[in-house]
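To start, the structure under review is shown below, and the notes come after it.
Coordinate-derived values only; no laboratory data. Remember, it's a predicted structure, so these values are computed and weren't measured experimentally. Neighbour counts are summed over all protein chains in view; Cβ atoms, including those assigned to glycine, are modelled from backbone coordinates with ideal geometry.
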Amino acid sequence: MTVRRDFSVFLDNLKIKNKDTISSRYGSITKNLNEKFRDLENDKKNYSLQAGSYGRYSGINGISDLDMLYILPPCAWTTYRKDPSKALDHAKDAIKKTYNTSKVKKDRNVVVVEMQDFTFEVVPVFEWQGVFKYPDTYNGGSWRQCDTRAELIAFRELNDKRKDNLRKLAKMIRAWKARNDIQMSGFLIDTLCYNFLNDNTKYDKSCFGSFDMMVKDFFQYLTKEPKKAFYYAFGSNSRVGVNKAFQDDAQKALDTATEAIEARENGYEDKCNQRYKAIFGTKFPNREAKQVSAVNEEFIEELFDMDITNQITIDCNVKSDLITKMLSSLTYGGERIQHQRKLHFFVKQTDIVGDYEVKWKVRNRGHIADRDKNYRGGIIDDDGSKTRVETATFYGDHTVECYAMRKNTVIARHIITVPIE
């Protein structure tokens, strides 16, 4: 695999797969708090703010700690001004109405909701002149200030300037942290990635094909950082603590990343792959057997901006003269598609709200594709129906990929294998 495809697949593997479940939990907690603090029944109107790595879109699959601010109505200030602990108690009681089998507790600044698969930390806040006042139950209780919205805006704005590379880098560094047990908070990771790219325009026009160098340069940046007790956060200038010095771990990662690049340059693909797996773990893709590339193959990452914030799933109706079967059911049973079957690809499911367009990519593989030099691999415009019709022509594990587009930016993608006998 090329650098471009390695890191493209790697980032795809890091995408959060259960966004629907997470959004549903956010919504149900918001609904309960709306009922308690605003007398709004069965209303998920968004008086909450998703914070933390999930709110910054820098989290990765397997995320379990989720942060949420619930904005209290201004009229409630007189009720809670002198008793911030009461605001937490009332929020806790409201959440328990739905999550009565979960452990729901108050912990200094937050209400902690421990579910089977997630832990939510919910903070009831008042918004005042653009900043938030949040409760602190220590030393008799008080209201402290944070500027979470400014952090979200600053992170998003720099990410937009850096062509989504800030979020991508932060996701990869989270994989490094998970693989190597690095003692570094998610907020610190995002802060360091932000600082690295804030004055660095080197990768503004780069995509996956340069990510090996971007990762190497980032680890080198970490090794040169002086040891500090804290950093100042983007947007808010709040303090982000450093639990343990990270320079030695970064040096090991830098050495390994350098070895990976040198191994690839010298044709040692297995060694290169092993080195990246040592850095990033099993989410980094396995090395595939060398395949012949399509001469005119196009890669979506090189043609359009990428901002994968949604999910899309495609499937295929396999049609013969008398019967239609779903490709997903065929492949689940280990079957292959017979020649000359009509293949109707379609968007089966998506969480995208509003209008969007799609593009397609069909890639032929196998010995007949190699023999006839018939690989295809171009990016194909959709006709507006969000469907694609093909014919099963010759043997091979071909692939079809669908890209959801909005304003010339890819917001979701899905690839399926089409096994033809």
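Tell me, what HN-Hα J-couplings in whole Hz come from the Karplus equation 6.51 cos²θ - 1.76 cosθ + 1.60 at θ = phi - 60° for each residue of the range 67-74, using x for Gly and Pro?
For the range 67-74, the Karplus curve yields 10, 8, 9, 10, 7, 6, x, x Hz.
What residues qualify as long-range amide H neighbours of ASP382, i.e. H under 5 Å apart, gap of 5 or more or another chain, H built at 1.01 Å from N?
Under 5 Å from the amide H of ASP382 lie the amide H atoms of VAL358, TRP360, each far enough along the sequence or on another chain.
Per DSSP helix of 4 or more residues, -39500 (n - 2.57); summed, then divided by the residues of the chain. What does that give at 222 nm, rounded to the nearest 500?
For the chain, the value works out to -11500 deg cm²/dmol.
Using modelled amide H (1.01 Å from N, peptide plane; none on Pro or chain starts), what sits under 5 Å from the amide H of ARG376, excluding residues fewer than 5 places away?
Those lying under 5 Å, H to H, from ARG376 are ASN364.
Between 0 and 90 degrees, rounded to the nearest ten: what's the tilt of helix 19-38 against the longest Cα principal axis of the chain?
Tilt relative to the chain: about 20 degrees.
Assuming R0 = 45 Å, can you tell me the calculated FRET efficiency for the pair LYS224 and GLN145, based on Cβ-Cβ distance, to the nearest 0.05?
Between LYS224 and GLN145 the formula returns 0.85.
Measure nothing but the geometry: give the 0 to 90° angle between the long axis through the Cα atoms of 186-198 and the longest principal axis through the Cα atoms of the chain, rounded to 10°.
70
For a paramagnetic label modelled at 7 Å from the Cα of ALA245 toward its Cβ, which residues of the range 172-188 fall within the zone defined by backbone nitrogen distances under 15 Å?
What the label zone holds, given the 15 Å backbone N cut-off, is 183.
Show me, for the range 209-222, the HN-Hα J-couplings you get by feeding each phi into the Karplus relation (A = 6.51, B = -1.76, C = 1.60, θ = phi - 60°), rounded to Hz, glycine and proline as x.
For the range 209-222, the Karplus curve yields x, 10, 5, 4, 6, 5, 4, 4, 5, 5, 4, 5, 4, 5 Hz.
Near the amide H of SER238, under 5 Å away, which other amide H atoms are found, from residues 5 or more places off or on another chain, if H is placed in the peptide plane?
Counting only residues 5 or more places away or on other chains, the set is ALA233.
Taking R0 as 41 Å, what FRET efficiency do you get between THR417 and ASP89 from their Cβ-Cβ distance, rounded to the nearest 0.05?
Plugging the Cβ-Cβ distance into 1/(1 + (r/R0)^6) gives 0.15.
Beyond 22 Å between alpha-carbons counts as too far, so tell me which of LYS36/LYS92; LYS92/LYS133; LYS31/LYS92; LYS17/LYS252; LYS163/LYS202; LYS31/LYS105 fall in that bin.
As for pairs spanning more than 22 Å Cα to Cα, those are LYS17/LYS252.
If you plug each phi of the range 408-420 into the Karplus form 6.51 cos²θ - 1.76 cosθ + 1.60 with θ = phi - 60°, what whole-Hz ³J(HN,Hα) values come out, in order, with x for Gly and Pro?
6, 10, 7, 10, 7, 8, 8, 10, 10, 9, 10, x, 10
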